[in-house]
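Below you'll find the structure, written out as structure tokens, and then a few comments.
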Amino acid sequence: MFAVPVIVLELLLLAVPIGQAIYFSFTRWDGIASTWIGPENYTRLFGDPTFWRVIENNLLLLASIPFAILIPLLVAYLLNEHVPGWRFFRSAYFLPTAISWVVIGMVSLRVFAGEGILNHVLSAVGLGSIHTDMLSGELSAMVAVAITFIWSVSAPTRSSSSPGWPPSTVTSTRRPAWTAPARSRHSSRSRSRC
């Protein structure tokens with residue numbers, strides 16, 4: 001009974017505009033008046049190769065979402081274990097939270113360009129034969145966008161390896177598993193004596 005006002009409000013704010021959008025998709029609308037044309041808009045849309053290219057691009061970005069979940073988990077684990085160089089990687093990992101999307105785009109442009117940072121790093125480690133220009137082809141550009149997307153959305157707002165957490169909080173999660181049963185047996189014995 002208490003949910004009725006919320007349901008009515010949801011219907012007014014969501015269902016009515018969705019219904020209007022569906023209705024207007026079957027019309028030719030000039031901004032003032034609409035004329036019913038049936039499924040002609042959909043026929044034209046499904047026959048347009050640009051529409052199918054957009055669907056492919058969105059599916060590729062959708063396929064990158066599992067990586068946007070798994071990579072941050074791996075990085076958070078490595079940061080928590082304080083592997084060599086963890087301070088640098090923590091800074092690089094949290095960088096997207098401190099900068100805007102425009103800056104993220106400019107950084108990725110400098111990294112993935114033909115004479116970008118990625119090729120300089122490959123040359124420095126002896127892999128100069130793998131010269132890439134990820135922004136020159138359609139598929140490689142979408143991969144560059146997916147990598148940038150994963151990097152930009154994967155940085156959390158806080159990590160257990162950040163200096164803000166008290167040491168007792170982090171160390172309490174690292175207790176050996178064998179201490180828990182012993183502690184519970186001891187506490188049950190001390191309760192039975194009382």
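The values are calculated or read from the model by the stated rules, or taken from the named source; none is laboratory data. Since the model is a prediction, treat every value here as computed from it, not as a measurement. Heads up, the Cβs are rebuilt from the backbone with ideal geometry, glycines too, and the neighbour counts pull from every protein chain shown.
Whether a residue is part of a helix (DSSP H, G or I) and more than 23 Å from A144 (Cβ to Cβ) was assessed, and L13 passes this test. Based on what the data block shows, is T169 at pLDDT below 75 and in the same structural domain as I65 (by TED's automatic domain parsing)? Taking the combined requirement at face value, the residue does not satisfy it.
Pairs meeting the criteria (first residue in the stretch 130-144 and part of a loop (DSSP other than H, G, I, E, B), second residue of a type in the set (S, T, Y), beta carbons under 7 Å, at least 6 apart or on different chains) are M134/S140. Could you grab me the full set of residues in the stretch 68-96 that are surrounded by 12 or more Cβ atoms within 10 Å (Cβ to Cβ), free of Cβ contacts under 8 Å to residues at least 12 places away in the same chain and of a type in the set (F, W, Y)? The answer is Y77, and nothing else.
Out of I99, I117, I65, one residue alone is within 16 Å of T148 (Cβ to Cβ), without any contact (Cβ under 8 Å) to a residue 24 or more places away in the chain and touching a helix residue (DSSP H, G or I) at 6+ places or on another chain (Cβ under 7 Å). It is I117.
Can you find even one residue in the stretch 32-43 that is closer than 30 Å to F88 by Cβ and either of a type in the set (S, T, Y) or surrounded by fewer than 11 Cβ atoms within 10 Å (Cβ to Cβ) (or both)?
no
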